[in-house]
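Data block below; observations after.
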Amino acid sequence: MIRSIWLSWVSDPTCHSVRQADLDPNPPQDRYKIPNTFPLDSGTTTADFVSFFLFWAGSLPAIWFPVHKIRHLFTVKSYFVPCAGIAFLIWAVVRAGGVGPIVRQPSRIHGSELAWEFVKGIMSSIANFATLIVNDPDFSRFAGKPRDALWSQLLTIPIGFAVTSFIGIIVSSSSSIIYGGDPIWDPLHLLEKFIDDGGSAQRFGVFMIAAAFALAQLGTNIAANSVSAGTDLTALMPRFINIRRGGYICAAVGLAMCPWTLLTSSNKFTTYLSAYSVFLSSIAGVMISDYYFVRLGYLEVKELYDARESGPYYFHYGVHWRAYVSYIAGILINVVGFAGAIGRDVPIGATYIYNLNFFCGFIVSSGMYWGLCKLWPVPAMSDRWMEVGDDVDDIRVAYDNQSGSQEFDDDQRAYKTAQDDKVV
């Protein structure tokens, strides 16, 4: 569900900015001149919806191909999009008269209010890539060794999001210097302002930056949304759904969810980010606690694909109740505060807890899971660190002597026989 929301949300505002930046200084149609058939409080207009639908439909052919077959698209994106982002930053700073007027703007809040706004900003940033924390195995499982996925993600995710956030903050702050009034928090709306101010050269600049946004969103939809949703749905119904079909299901559900309603205001969107971070933090807490603190990196790989009731991962009728109890506990710690975020009167303590929603949910769910597994131990655990890593060539170290050993030996003999036949 979350993947579907993200896939449609990132598609929503992009395409109309590209079209609006048409190089013709007197375009025959303007998005504000097209009759609007949507209600004023719907969060979109007819022109914006048509543009969104065109971008959404244009993304569908890309879902058909596996990611490794369109890797050159991501190569182009990795060069073109950062250059466009830096150009946007420089353009906005120059128009604002330099960085000085931007950073010297007086603060509108002070004291504890400023501190809590800072904390909420951090939580919103974490929520923005919290989904990557949960869906990371969708991609890291293709790595040949654990360290192949470690450093690339450890560096690129924090640095990439930090640089992107910095550009967004400076560009948004510069808009209040350029145009006065409140900052324009949506960069695409700021690009539209730039169109109105200049001639063909400025329109060309906006066109290139908006095209970079479109390329970035297309790559995000493919890699982070459709592939992740397809992988999850494949695990749910592997007989009927593969990654490609799951990606198309994600796209269809995302269209039906009317994602443009999330963009009616920045407050509504950040509230949504915080809300879904509550659920993801609990999932991440259980996952981290299970692998690093409970099982100490030990997995019986073959048994992960075995649905027998005697298997170590079957638990109780196929349900791991410790994980569900911990997941719900991580959500409950933030429920009251979330009610306050949407306008209900709640105690100030609940608001403070909700301001730290990701950390609170993560700590409670991971701690609860660890405690439950200590009281009611799960099978297939280790008393020392047993991750199958770079120095292990024989995967039999991932099995104990009692778990599927006969079937494993049979498989090994069959594999060796097949290899001998090929040699002969």
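The values are calculated or read from the model by the stated rules, or taken from the named source; none is laboratory data. Everything numeric in this text was worked out from a predicted model, so none of it was measured. We place every Cβ from the backbone using ideal geometry, glycine too, and count neighbours over all the protein chains shown.
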task: Looking at (1) modelled with pLDDT of 80 or more; (2) within 22 Å of Pro137 (Cα to Cα), find the lone condition where Ala256 falls short.
output: (2)
message: I'm checking my understanding of the structure. Among residues of the range 139-150 that are part of a helix (DSSP H, G or I) and in contact with a Gly (Cβ under 9 Å, 6 or more places away or on another chain), which one is farthest from Ser228 (Cα to Cα)?
response: Arg147
message: Would you confirm whether or not the range 323-342 contains a residue that is over 30 Å from Ser125 (Cα atoms) and in contact (Cβ under 8 Å) with a residue 40 or more places away in the chain?
response: no
- prompt: Which members of the range 62-119 meet the condition of being charged (D, E, K, R), within 27 Å of Glu192 (Cα to Cα) and assigned to a helix (DSSP H, G or I)?
  reply: Lys77, Arg95
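Tell me yes or no: at least one residue of the range 231-243 is in a helix (DSSP H, G or I) and under 30 Å from Ala92 (Cα atoms). Step through it out loud before you land on a result.
If we filter the range 231-243 for residues that are in a helix (DSSP H, G or I), which is where we start, we get 231-236, 243.
Cutting the leftovers down to under 30 Å from Ala92 (Cα atoms) gives us none.
No, because not a single residue in the range 231-243 is in a helix (DSSP H, G or I) and under 30 Å from Ala92 (Cα atoms).
Is the range 193-206 home to any residue that is in contact with a Lys or Arg (Cβ under 7 Å, 6 or more places away or on another chain) and either farther than 30 Å from Val67 by Cβ or in contact (Cβ under 8 Å) with a residue 24 or more places away in the chain (or both)?
Within the range 193-206 (the criterion being in contact with a Lys or Arg (Cβ under 7 Å, 6 or more places away or on another chain) and either farther than 30 Å from Val67 by Cβ or in contact (Cβ under 8 Å) with a residue 24 or more places away in the chain (or both)), the answer is yes, since at least one residue qualifies.
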- prompt: Can you pull out the residues in the range 150-164 that are among the hydrophobic types (A, V, I, L, M, F, W, C), free of Cβ contacts under 8 Å to residues at least 12 places away in the same chain and farther than 16 Å from Ile86 by Cβ?
  reply: Leu150, Trp151, Leu154, Leu155
task: Answer with yes or no whether Ala92 is surrounded by 11 or more Cβ atoms within 10 Å (Cβ to Cβ) and at pLDDT 85 or above.
output: yes
query: Of all residues in the range 104-125, how many are surrounded by 14 or more Cβ atoms within 10 Å (Cβ to Cβ) and of a type in the set (Phe, Trp, Tyr)?
result: 1
- prompt: Going by the conditions given, is Glu303 of a type outside the set (S, T, N, Q) and touching a Gly at 6+ places or on another chain (Cβ under 8 Å)?
  reply: yes
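If I ask for residues that are under 18 Å from Val206 (Cα atoms), free of Cβ contacts under 8 Å to residues at least 24 places away in the same chain and assigned to a helix (DSSP H, G or I), which ones from the range 165-188 would you list?
Here is the first cut: in the range 165-188, the residues under 18 Å from Val206 (Cα atoms) are 167-168, 170-172, 174-175, 178-179, 184-188.
From what is left, the residues that are free of Cβ contacts under 8 Å to residues at least 24 places away in the same chain are 168, 172, 179, 184.
Gly168, Ser172, Tyr179 - these are the residues of the range 165-188 that are under 18 Å from Val206 (Cα atoms), free of Cβ contacts under 8 Å to residues at least 24 places away in the same chain and assigned to a helix (DSSP H, G or I).
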task: Return the only residue of Lys77, Lys69 being basic (Lys, Arg) and either outside the structural domain of Gly160 (by TED's automatic domain parsing) or surrounded by 15 or more Cβ atoms within 10 Å (Cβ to Cβ) (or both).
output: Lys77
query: Of these, Ile209, Ile169, Ile241, Ile177, which one is surrounded by fewer than 16 Cβ atoms within 10 Å (Cβ to Cβ), modelled with pLDDT of 85 or more and β-branched (Val, Ile, Thr)?
result: Ile169
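What tally of residues in the range 104-132 results from selecting those that are of a type in the set (A, V, I, L, M) and in contact (Cβ under 8 Å) with a residue 12 or more places away in the chain?
Here the count works out to 6.
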- line: Filtering the range 363-385 down to residues that are modelled with pLDDT of 95 or more and among the aromatic types (Phe, Trp, Tyr) yields Tyr369, Trp370
message: Being surrounded by fewer than 14 Cβ atoms within 10 Å (Cβ to Cβ) and on the phi < 0 side of the Ramachandran plot is true for just one of Leu150, Leu132. Which residue is that?
response: Leu150
